[in-house]
Amino acid sequence: MPARHLIWLCLVAGLHPVFTEAVAAASPEEASRLGTELTPLGAERAGNADGSIPPWDPAMTPIPEDYEPGSNNYINPFPNEKPLCTIDAGNWQDHAQQLTEGSKAMLEKLGHDGFMLRVYPSKRSHSAPDWFYANTLKNAVNAKLVAGGQKIENSLPGTPFPIPQSALEVLWNHMIRYAEPSTQDYDVYYVNSNGKPILSTTATSALVYPMYETPDEPVGDKAWLKLRINYKAPARRAGEILLVHEPGADYSAGQGRRAWQYLTGQRRVRLAPAVAFDTPNPAVAGTSTYDDAFIFNGSPERFDWKLLGKREMIVPYSNYDFIFKHEVENMLGERFLKPEFVRWEKHRVWVIEATLKPGQRHLYGKRRLYIDEDSWSAVAGETYDARGNLWRVQFNYSARLYDGHASAGANGVYDLLQDIYNLNGKPKPGKYRHGFDSSGQYFTPKGMARAGVR
């Protein structure tokens, strides 16, 4: 059996092999498993032993009869489903093996105040375009990490490491996961330790993914994401603009993220290198960091990364009503999001852990990420302070757009040490729009300057 295949089997079984040298790209024989026993993106096609995780099926999510194509009104396709079980303060230890460390900490601390997990039937319908599958198959045998894991060579627009052998390969799969252009209007709230919700941001965001616009060309120096946020509130930030270009294959020295800000007080565009790492994010009034968005984003350079294997975990999933139907204000409880609005499912996730490198600086001494095997999107995470205390618990609340291949979502962070939580990026009902024109200067510094308040 090839060494790489043996290592992969160990990881799936939850064992932690010791890496003494770089692992070569997958062999053609190993890559042939993609689309057969594995999905085209590398997940296990089969369900689990007891049937609580079903086989992968792109047609599993039906398009509701009431859905109007092009309306962007993504109606819940499972409106009549009831929870299979509820995990609360009284029974969570019976489910401990399938709970993230963050979920267990919240149930232990907040369960007697009503925090609970309502677990529904699992759905595995994530899909991507055929060209993305074809590129992923090529990446499996050609793509490789260099520059200490900061750069991918020989990759096409697709999942770079569908049969991953290291934490950094899993992380890169998350960082450049498949996505499609969108724009939305949204409000951001945090809830303080007194249980009072505070509006910290009102904004419009637009996201495009340039590297996927030329699927037949190597990624090279193309951007994975271009993000522009126009701030409307609070009054002190109204008129500000943030622009971020996120790389598709290279965070090595001199490369990586580029960011710009338009500040109304200065009336000019300036580079914004601080929009990264552990800089407190003003969009959530500093209650989480810039690299907390999407559970993790940006360069992995400040941490040593360890792959803990694949596990069956209960995580937020298929949250259609949460994302598209409800006003965010109605979902905010005094200490946590009201449980009746959140759908949880059991899924297989890759678990990776990061420890701060000696000599590096970051608010977090350690962090753990749970990355969905089907979509390669991080669905949960935890961060720890320098003393090893569990500090912040992260969840990604997402819903697949059943008329295509994309997903929409929002990110929540619970601060267990200060009893604060936030919710960032949830669109206002009726204000999510799938698709956006990336032509012209909208995603350039010059375009920011032209739109700035004079």
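Just one of the listed residues (G248, G254) is modelled with pLDDT under 95, closer than 30 Å to F132 by Cα and either more than 22 Å from the chain's Cα centre (by Cα) or not β-branched (V, I, T) (or both), namely G254. Only one of the numbered conditions (1) surrounded by 16 or more Cβ atoms within 10 Å (Cβ to Cβ); (2) on the phi < 0 side of the Ramachandran plot is violated by G298, and that is (2). Within the stretch 429-454, residues that are touching a residue at least 40 places away in the same chain (Cβ under 8 Å) and under 24 Å from G70 (Cα atoms) sit with their Cβ atoms under 9 Å from residues that are open to solvent by 70 Å² or more (accessible area, probe 1.4 Å) and among the polar types (S, T, N, Q), at 6+ positions apart or across chains, in these pairs: P429/N73; G430/N73; Y432/N73. Of all residues in the stretch 78-119, those satisfying the criterion of being closer than 20 Å to R348 by Cβ and among the β-branched types (V, I, T) are I87, T100, V119.
On the basis of being at negative phi and surrounded by fewer than 21 Cβ atoms within 10 Å (Cβ to Cβ), does G359 make the cut? For G359, the condition - at negative phi and surrounded by fewer than 21 Cβ atoms within 10 Å (Cβ to Cβ) - is not met.
One residue is enough: does the stretch 419-440 have a residue meeting the conditions assigned to a strand (DSSP E or B), within 24 Å of V170 (Cβ to Cβ) and either open to solvent by less than 30 Å² (accessible area, probe 1.4 Å) or modelled with pLDDT of 95 or more (or both)? Yes, that holds for at least one residue.
Quick check on the stretch 298-332: of everything there that is assigned to a helix (DSSP H, G or I) and of a type outside the set (D, E, K, R), which residue is farthest from S398 (Cα to Cα)? Residue satisfying both the conditions and the ranking: N330.
Of the residues making up the stretch 370-380, not a single one is of a type in the set (D, E, K, R), closer than 24 Å to S288 by Cβ and free of Cβ contacts under 8 Å to residues at least 24 places away in the same chain. Can you spot a residue in the stretch 369-385 that is surrounded by fewer than 18 Cβ atoms within 10 Å (Cβ to Cβ) and closer than 27 Å to S193 by Cα? Looking through the stretch 369-385, at least one residue is surrounded by fewer than 18 Cβ atoms within 10 Å (Cβ to Cβ) and closer than 27 Å to S193 by Cα.
Residues that are within 16 Å of Y442 (Cα to Cα), open to solvent by less than 20 Å² (accessible area, probe 1.4 Å) and among the charged types (D, E, K, R) number at least 1 in the following strands (runs of 3 or more DSSP E) confined to the stretch 167-260: 223-233, 241-247. Residues that are modelled with pLDDT of 95 or more, closer than 29 Å to S182 by Cα, in contact with an Asp or Glu (Cβ under 7 Å, 6 or more places away or on another chain) and assigned to a loop (DSSP other than H, G, I, E, B) do not occur anywhere in the stretch 59-69.
The values are calculated or read from the model by the stated rules, or taken from the named source; none is laboratory data. What you are looking at is a predicted structure, and each value in this text was computed from that prediction instead of being measured. All Cβ positions, even for glycine, are placed from backbone atoms using ideal geometry, and neighbour counts span all protein chains on display. Accessible surface areas use protein heavy atoms only, side chains included; no ligands, DNA or RNA. Shrake-Rupley method; radii C 1.70, N 1.55, O 1.52, S 1.80 Å.
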